[in-house]
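The values are calculated or read from the model by the stated rules, or taken from the named source; none is laboratory data. These figures come from a predicted structure and were not determined experimentally. Please note: Cβ atoms are built from the backbone with ideal geometry, for glycine as well, and neighbour counts cover all protein chains shown.
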Amino acid sequence: MEKQWWHSAVVYQIYPRSFCDSSGDGNGDLRGIISKLPYLEKLGIDLIWLSPVYLSPMKDNGYDIADYQAIDPRFGSMADMQTLIHTAKQHNIGIMMDLVLNHTSDQHQWFQQAKQSRDNPYRDYYIWRDQPNQIRSVFSGPAWQFDNTTKQYYFHLFADAQPDLNWENPKVATEIQQMVSWWVEQGVAGFRLDVIDLIGKQIDQGITENGPRLHPLLQQMHQACFANKPLVTVGETWGATPEIAKLYSNPQRQELSMVFQFEHASIDWHPTHGKWQVQPFNLIKLKAVMSKWQTCFDGDGWNALFWNNHDLPRIVSRWGNDGQYRERSAKLLATLLHGMQGTPYIYQGEEIAMTNVRFEDLDDYDDIEIKNSYQEKVLEQQSLSHQQFMQGVYSSARDNARTPMQWGNSVNAGFTQGKPWLALNPNYSDINVANALDRKDSVFYHYQELIALRKSAEYSDTLIYGDFALLLAEHPQVFAYVRQHQQQRLLVVANVSEQEQQIRLNLSVEKVVLNNLQQNDELVSDLEALRLAPYQAIVYALSTR
Ligand code: GLC
């Protein structure tokens, strides 16, 4: 496979509203991010995926854009944005903008025009029908909203304040491409494309995901905006199978660099209630899914590796142990992911093992998805009780990832001098960046080491390009795999449980590369009789016998 610079990159996602507030208004902002660039450089990342900072009424925290070429005053100004791009470069960090192209805010000029009259020139930028069909919104309820002025329904796959753009209209594609090219000229390093699998939809056939026009539209966008530029692009594609992922990320097809697939991320969701009622974690299933994605491309695509983002709960609370083994299990999860093939993404706070939050009162949550789902499932359909729903919120709600970043143990964790837009997780007095930076054995330094290893002369080719082979596929507690490139083999072994495990592998150790326990290497060098402590994870170089 032809090497690309972003194969070896590590990305850090910033959810700007919750990262760092420099102005005291309780919302994170661009100057706050600039002040933390040295911290991110120390961690070792190459790229920041910046969740939306564009002008927005914040119905969905910026994923409802009112102007793609303006910065929301909460976050700062366009001059601040330019300073961020420029200063980040000095820290060897590129900025990936988040492009929300499936829909805009209802406050966007295009929609404001479109809803004035049926013959407005912008009418066809959105999707209008006399009669709604059966399609439902991802945020509950019908995907159609009646407009009283023009007496038609408009289509919205998310909130009613997020009308879907009409990608059947070539003018939409042209305007969007001009806007994207403008951002390229501003010096950004790439883009994350929000729910991009929805833009090829065929409403009247009931097709929303992976519609027939999707790939032609992406090829067109590639041609117009990305071709022959050193950009990295990643699409958010909830419904992707390996076959579909290849359509996007096979370099021959000139669409995107890679996609986020969510098969592993929704593995424990309930068939009917989805994330609001999670099933017990099943490691065997997770291993099978991860292994399938590790081995399916063979040069015809590329993986984006992630446990977390702003839509998912905190991984240490989800599949680790956020009590006694919080730090150890966070290091284990990091090791498992960063040992795999693909481009790793770290979500803000993951590097200090921030945890899920439990607010007693539903009003303390902000997320529109929580509010709408409660309305539908508890109040209208009564398919879940209040208690059941709250359990779902504690395990899976998006606000778990969105509580403000925990920088230190001063008031509001040093996130803001004002009143935070969303309450902090009260555990910030223990779990915070200052504390992590002070201790050499913290989760932060483990991430730093994993990133350094991926870039080291010794192991980078194997970690980036090595083949993946799952071992002990049926073991219910141990996750083990080998990465091989030419003569070099690396073994990653992890005990994903609270009990000690003993395993036997017919392999021999050359050296211990990384261990999440402080331990004499001798103690773990016999793979034919390996005792793993709870949540222990080790990376070995294997001897080539
Ligand atoms: C994506 C975003 C999510 C947002 C939705 C609608 O899934 O990640 O946060 O709510 O798209 O834009």
Does A70 satisfy being assigned to a helix (DSSP H, G or I) and either of a type in the set (S, T, N, Q) or surrounded by fewer than 21 Cβ atoms within 10 Å (Cβ to Cβ) (or both)?
-> no
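Quick grid of which residues meet (1) closer than 25 Å to E175 by Cα; (2) in the same structural domain as Q145 (by TED's automatic domain parsing):
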position	(1), (2)
L43	no, no
Y63	yes, no
S77	yes, no
L101	yes, no
D130	no, yes
Just checking, how many residues over the stretch 89-124 are closer than 27 Å to W49 by Cβ and more than 16 Å from the ligand (Cβ to nearest atom)?
-> 9
Residues of the stretch 234-247 satisfying the condition of being surrounded by 20 or more Cβ atoms within 10 Å (Cβ to Cβ) and within 16 Å of the ligand (Cβ to nearest atom) | V234, G235, E236, T237, A240
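So, in the stretch 73-93, exactly how many residues are assigned to a loop (DSSP other than H, G, I, E, B), touching a Leu at 6+ places or on another chain (Cβ under 9 Å) and polar (S, T, N, Q)?
The number of residues fulfilling the criteria is 1.
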Going by the structure shown, is S396 among the polar types (S, T, N, Q) and more than 29 Å from S442 (Cβ to Cβ)?
-> no
Residue list for the stretch 259-296, filter: among the hydrophobic types (A, V, I, L, M, F, W, C) and touching a Gly at 6+ places or on another chain (Cβ under 9 Å) | V259, F260, F262, W276, V278, W293
With respect to S181, is the statement that it is within 16 Å of the ligand (Cβ to nearest atom) and either part of a helix (DSSP H, G or I) or at pLDDT below 95 (or both) true?
-> no
Could you tell me which numbered condition L50 fails, if it satisfies all but one of (1) crowded, with 19+ Cβ neighbours inside 10 Å; (2) away from the ligand (no atom under 16 Å from the Cβ)?
-> (2)
Checked against (1) surrounded by fewer than 16 Cβ atoms within 10 Å (Cβ to Cβ); (2) farther than 23 Å from D399 by Cα; (3) in contact (Cβ under 8 Å) with a residue 24 or more places away in the chain, A79 satisfies every condition except (3)
Out of D363, D367, sole residue that is farther than 30 Å from A288 by Cβ and touching a Lys or Arg at 6+ places or on another chain (Cβ under 6 Å) | D367
Going by the conditions given, is L491 assigned to a strand (DSSP E or B) and under 15 Å from Q536 (Cα atoms)?
-> yes
How many residues are in a strand (DSSP E or B), free of Cβ contacts under 8 Å to residues at least 24 places away in the same chain and within 16 Å of the ligand (Cβ to nearest atom) if we restrict to the stretch 143-159?
-> 1
Residue check: is I196 buried (at least 23 other Cβ atoms within 10 Å of the Cβ) and either touching a residue at least 12 places away in the same chain (Cβ under 8 Å) or within 19 Å of Q178 (Cα to Cα) (or both)?
-> yes
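Filtering the stretch 125-137 down to residues that are more than 31 Å from the chain's Cα centre (by Cα) and polar (S, T, N, Q), which residue is farthest from the ligand (Cβ to nearest atom)?
Once the filter is applied, the top-ranked residue is Q131.
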Which residues, counting only those in the stretch 37-67, are closer than 27 Å to E351 by Cβ, in contact with an Asp or Glu (Cβ under 9 Å, 6 or more places away or on another chain) and part of a strand (DSSP E or B)?
-> W49, L50, Y54
Answer yes or no as to whether A304 is within 16 Å of the ligand (Cβ to nearest atom) and modelled with pLDDT of 95 or more.
-> yes
Hits in the stretch 318-354 (condition: hydroxyl-bearing (S, T, Y) and over 30 Å from N250 (Cα atoms)) = Y325, S329
In the stretch 59-67, is there at least one residue being within 16 Å of the ligand (Cβ to nearest atom), under 25 Å from the mean Cα position of the chain (by Cα), closer than 20 Å to T416 by Cβ and in contact (Cβ under 8 Å) with a residue 60 or more places away in the chain?
-> yes
Residues of the stretch 352-366 classified as surrounded by 15 or more Cβ atoms within 10 Å (Cβ to Cβ) and in a helix (DSSP H, G or I), total = 1
Looking at this structure, is Q162 assigned to a loop (DSSP other than H, G, I, E, B), at negative phi and within 16 Å of the ligand (Cβ to nearest atom)?
-> yes
With respect to S140, determine if the residue is modelled with pLDDT under 95 and either outside any strand (DSSP E or B) or within 16 Å of the ligand (Cβ to nearest atom) (or both).
-> yes
Identify the residue in the stretch 463-488 that is under 25 Å from P534 (Cα atoms) and of a type in the set (D, E, K, R) and, among all such residues, is surrounded by the fewest Cβ atoms within 10 Å (Cβ to Cβ).
-> E474
Within the stretch 415-454, residues being surrounded by fewer than 16 Cβ atoms within 10 Å (Cβ to Cβ) and more than 26 Å from G323 (Cα to Cα) number 4
